[in-house]
1. Roughly how many percent of the accessible protein surface of segment 99-156 is carbon and sulfur, given a 1.4 Å probe and a whole-percent answer?
2. How much mean residue ellipticity at 222 nm does the chain get from its helices, if each DSSP H run of length 4 or more adds -39500 (n - 2.57) and you divide by all residues, to the nearest 500 deg cm²/dmol?
3. Taking the Cα-to-Cβ direction at residue 93 and at residue 51 and moving 7 Å from each Cα, how far apart do the two end points lie in nm?
4. Roughly how tilted is helix 73-82, in degrees to the nearest 10 and between 0 and 90, from the longest Cα axis of the chain?
5. Exactly which GluC sites (Glu not before Pro) in segment 38-71 are in a DSSP loop and have at most 16 other Cβ atoms within 10 Å?
6. Within segment 1-121, how many Lys pairs sit with Cα atoms under 20 Å apart, leaving out pairs fewer than 8 places apart on the same chain?
7. Report the FRET efficiency, 1/(1 + (r/R0)^6), for residue 145 and residue 106, where r is their Cβ-Cβ distance and R0 is 22 Å, rounded to 0.05.
8. Using only C-alpha atoms and all pairs of different ones, pull out the Kirkwood radius for the chain in Å with one decimal.
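The values are calculated or read from the model by the stated rules, or taken from the named source; none is laboratory data. Everything numeric here is computed off the predicted structure, so don't read it as measured data. As a convention, Cβ positions derive from the backbone with ideal geometry for all residues, glycine included, and neighbour counts pool all protein chains shown. These area figures cover heavy atoms from the full protein model, side chains too; ligands, DNA and RNA do not enter into them. Shrake-Rupley method; radii C 1.70, N 1.55, O 1.52, S 1.80 Å.
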Amino acid sequence: MNVKKEPEGGLLISPIRDGTVIDHITGGEALVVLRILGITGTTDESLSVATNVESRISGSKDIVKISNRELSKEEVDRIALLAPEATINIIRDYRVFEKMKVEIPKSVTGFVRCPNPGCITNSNEPVESSFETKRGKLQCIYCDAIISENIAEYII
Ligand code: CTP
Ligand code: ZN
């Protein structure tokens with residue numbers, strides 16, 4: 001048997017019955033995706049994570065499988081900022097019920113911190129942060145500061 005012809009990840013983690021599979025995450029970024037979803041050290045969710053799996057498309061990729069949970073739109077948007085190549089698969093009764101490519105939203109409000117300490121969104125004023133997204137970069141709508149790399153560090 002030619003092992004390379006096995007489905008990607010198929011040898012590493014078992015299929016799930018119901019839930020969400022986030023596939024094609026950039027190699028090494030699965031843990032960031034978990035943090036974005038609010039899944040930290042103590043969790044009662046049933047999770048499988050595979051990192052740096054060989055991928056026929058992109059060299060290496062990570063996969064996260066979360067049983068008994070389907071992600072909300074905001075959660076998918078957060079993932080899109082970090083893992084624009086990711087695919088979200090909703091699994092029902094062992095089958096892929098829905099497959100979505102994540103899409104970077106045109107603007108993100110409330111969950112990214114502006115890097116400019118002088119920005120009104122970092123003051124005591126009750127102003128929520130808000131950014132426009134342009135070609136993978138985020139621009140603050142208040143002070144024009146740009147986040148072009150390490151977006152994960154700014155996600156609240
Ligand atoms: N998967 C799973 N449990 C299931 C069904 C699928 O964990 N009951 C996982 C697969 O292992 C894969 C992802 O969900 O990581 C998508 O499944 P599928 O569409 O069958 O795989 P591919 O065709 O390889 O997906 P793609 O074309 O998006 O790469
Ligand atoms: Zn700002």
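1. The computed percentage sits at 46.
2. Rounded to the nearest 500, the figure is -3000 deg cm²/dmol.
3. 3.7 nm
4. Approximately 90 degrees, to the nearest ten.
5. 45, 70
6. Counting lysine pairs in segment 1-121 gives 10.
7. Efficiency, rounded to the nearest 0.05: 0.75.
8. Taking the inverse mean of 1/r over all distinct Cα pairs, the chain comes out at 16.8 Å.
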